[in-house]
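Here is the structure we will look at.
The values are calculated or read from the model by the stated rules, or taken from the named source; none is laboratory data. These numbers were taken from a predicted model, which means no experiment stands behind them. No Cβ is skipped: glycine too gets one built from the backbone with ideal geometry, and neighbour counts run over all protein chains shown. Areas reflect the complete protein model, heavy atoms only, side chains present, ligands, DNA and RNA absent. Shrake-Rupley method; radii C 1.70, N 1.55, O 1.52, S 1.80 Å.
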Amino acid sequence: MGVVILLVMAAGVAAMLTRKLPTAFALVLLAVVIAFAAGAPLTGENSVIDTVLQEGAPALAATMIAIVLGSWLGKLLEETGVAATLVRKIVEFGGDRPVVVALGVLAVSALVGTVTGSAPAAMLAGLIGIPAMIAVGIPKVTAAGTILMGIAVGIPFELPLWQFFSTALELPVPTVRGFMVKLFPFALVAAVLYVFVESRRRGVEHTWSLKSVQDKPRSPSRRQRLGDAPWYALLTPAVPLILALGFELAIIPSLLAGVLYALVTTTRPREMNKRLLRTLYGGFEVAAPPIALFIAIGILLAAVKLPGAVEALEPLVKAVSPQNAVLFVGVFTLLVPLCLYRGPLNVFGLGAGIAGVLISTGIYPAAVVLGMATSYNQVFGVADPTSTQTVWAAQYAGVSPQQVMVRTLPYVWAVALGGLCVTAATYL
C-alpha cells in the first residue's frame, strides 16, 4: 500500500508540474486519495470527511491569520508610501554608484520581506528599486535577482512563516525562531555576494528606462503627490520584528502592533477608519491565494498522518532516508532542485506532505524536518521560475524567470547547504 501512496504522490506532482490542476486543488485531491488508499473510512474516527477534510482544513488557522495581518501591513506600507520612501532615500544616497544603490535596495527588500512575502514584497521594493538599479547600470537580470535575494534575507524573520512552521510541524515558536536566526547569516552573505559578484562580473549596462514602463506610463499615485512618508514611519517594517525577536512577543500581537504603528505614524485621525478598512480589504485580496494553499496543506498533512498512511509509508521512507550526518547533508543538498517548479520538496506543495510523513513515521525529529524545509524554502523563494515573486520581478525587469533562476540558483543552493549543515550539526 505504501507503494500505491507514493505513486499517487508522484501523480500529484505531475499534475502540478504540467499545470493540469492548481496546486491547492491538487493537494486536496491528493489528500483524499491518500486517505482512501490508507484504508480510512468515509466518516468517523480517522476518516476522510471528519479527520482529513473537517479537521485538516482549519489546522493552519493561526498561519492564515498571520498571513492576513502581514498582507494588511504590506498594503499599509504600499498606500502610505513607506516602502517607496525607503527605496527613494536609498537611491538618493547611492547616487550614481551602482553597487551602493543595489545594496541599498537589497536592504529595503530584506525589510519588506520580513513583513510579507511573495509578489507583494517584490512589488513594494521593486516598483522603484528595479528601474533605479537599471538606470545606474545594474544589469536587468541582476536587478531582478537583487530584489529576490533581498526578500530571501528577510524570509528567516517573516513572522507568518514562523507561525506556519510552528503549526505545521508542531514545534514551539522559539524553536522555529532559533533556527531561523541561524539561517539568516547564510542568506545575508549569499545576497551580498550576489550583488558584488554579479554586478561586477556583468559590468555596467546603462539602460535608463524600462520598456514596460515606457509602454504603460502611470500617473503619480496619491502618496507620490503628497511626498515622502515621515522618517519615523520608516521604522514600521522593523516594529513587528523587534517585538517578536527582541521581546519574544507572540506573532499575531506583533503584527497587529506593526499595523497600528504604521497607521498612527502616517494617517490623520479623521482618515484612520477609512484607511484601516480599505487596507484590510486589500490585504484580504492579497492573502486569498496563500490562505487557499494553507487550507489545502492542512488537509494534506491530516491525510499523511492517518495511522494507515503512517504504517504503509514508514518502511519505505526509512529505507531511503540517510541517518548519518554527512550523508544527510550530501543527499539533501543534491536534492535541492526538487523544490523548484513545484517539485516534491517544495514545502508549499507536496513537500508539506513529505515533511508530515517524515515526522509522523519517526524517521527524523520535527526539528530536523524544520531545518530541511526552511533551507529548501530559501531556494524556492528566489529561484523557482513558477513562484509569483520571481515571475513578477523578472517580467518587470524585462527578462525571463529562467534567466533569473540561472543567476540566483548557485547562491541560494549554497544557503540551503549551510542550513542543512547547521541542521545536521545541531539535531542529528
Length released on extending from Phe36 to Gln403, taking residue separation times 0.36 nm less the Cα-Cα span:
127.9 nm
Compute the angle between helix 388-397 and the longest alpha-carbon principal axis of the chain, please, reported from 0 to 90 degrees and rounded to the nearest 10.
30 degrees
Given Cβ charges of +1 for Lys and Arg and -1 for Asp and Glu, the option among Pro120, Ala383, Phe179 whose Cα lies farthest towards the positive end of the dipole of the chain is Pro120
Candidates [x] 63, 52, 42; [y] 82, 48, 41; [z] 75, 51, 44; which is the computed Cα extents along the principal axes in Å?
[x]
Heavy-atom accessible area per residue - the chain, 1.4 Å, Å²:
41 Å²
Over the chain, what is the relative contact order in percent, taking alpha-carbon pairs closer than 8 angstrom and at least six residues apart?
25 percent
Could you calculate the contour length gain from Ala288 to Ala11, that is, 0.36 nm times the residue separation minus the distance between their Cα atoms, to one decimal place in nm?
97.1 nm
Suppose R0 equals 45 Å; then what is the FRET efficiency for Thr18 and Tyr232 from their Cβ-Cβ distance, rounded to the nearest 0.05?
0.35
Unit charges at the beta carbon, dipole of the stretch 263-358: most positive-side option, Leu276, Leu345, Val357:
Leu276
Expressed in nm to one decimal, what extension gain is obtained for the pair Tyr281 and Val197 from 0.36 nm per residue of sequence separation less their Cα-Cα distance?
26.1 nm
State, as an integer percentage, the relative contact order of the stretch 79-192 based on alpha-carbon contacts under 8 Å between residues 6 or more apart.
26 percent
With the full set of protein chains in place, find how many percent of the accessible area of the chain is carbon and sulfur; take the probe as 1.4 Å.
68 percent
Cα-only Rg/Rh for the stretch 304-390 with Kirkwood Rh rounds to 0.98
Rounded to whole Hz, the Karplus (6.51, -1.76, 1.60) HN-Hα couplings of the stretch 360-371, x for glycine and proline:
5, 7, x, 5, 10, x, 4, 5, 5, 5, 4, x
As an exercise, use a Förster radius of 41 Å and the Cβ-Cβ distance of Lys274 and Phe25 to find the FRET efficiency, rounded to the nearest 0.05.
0.70
Each label point is 7 Å from the Cα along the Cα-to-Cβ direction; what then is the distance between the points at Ser321 and Ile242, in nm?
4.2 nm
For the stretch 229-308, averaging the sequence separation of alpha carbon pairs under 8 Å that lie six or more residues apart and dividing by its residue count, the contact order in percent is 25 percent
Could you go through the stretch 129-146 in sequence order and give the Karplus-derived ³J(HN,Hα) for each residue, using 6.51 cos²θ - 1.76 cosθ + 1.60 with θ = phi - 60°, rounded to whole Hz, and x for Gly and Pro?
x, 5, x, 5, 5, 5, 5, 8, x, 6, x, 4, 4, 5, 5, 4, x, 5
Over the chain: helical MRE at 222 nm, DSSP H runs n ≥ 4 each giving -39500 (n - 2.57), nearest 500
-23500 deg cm²/dmol
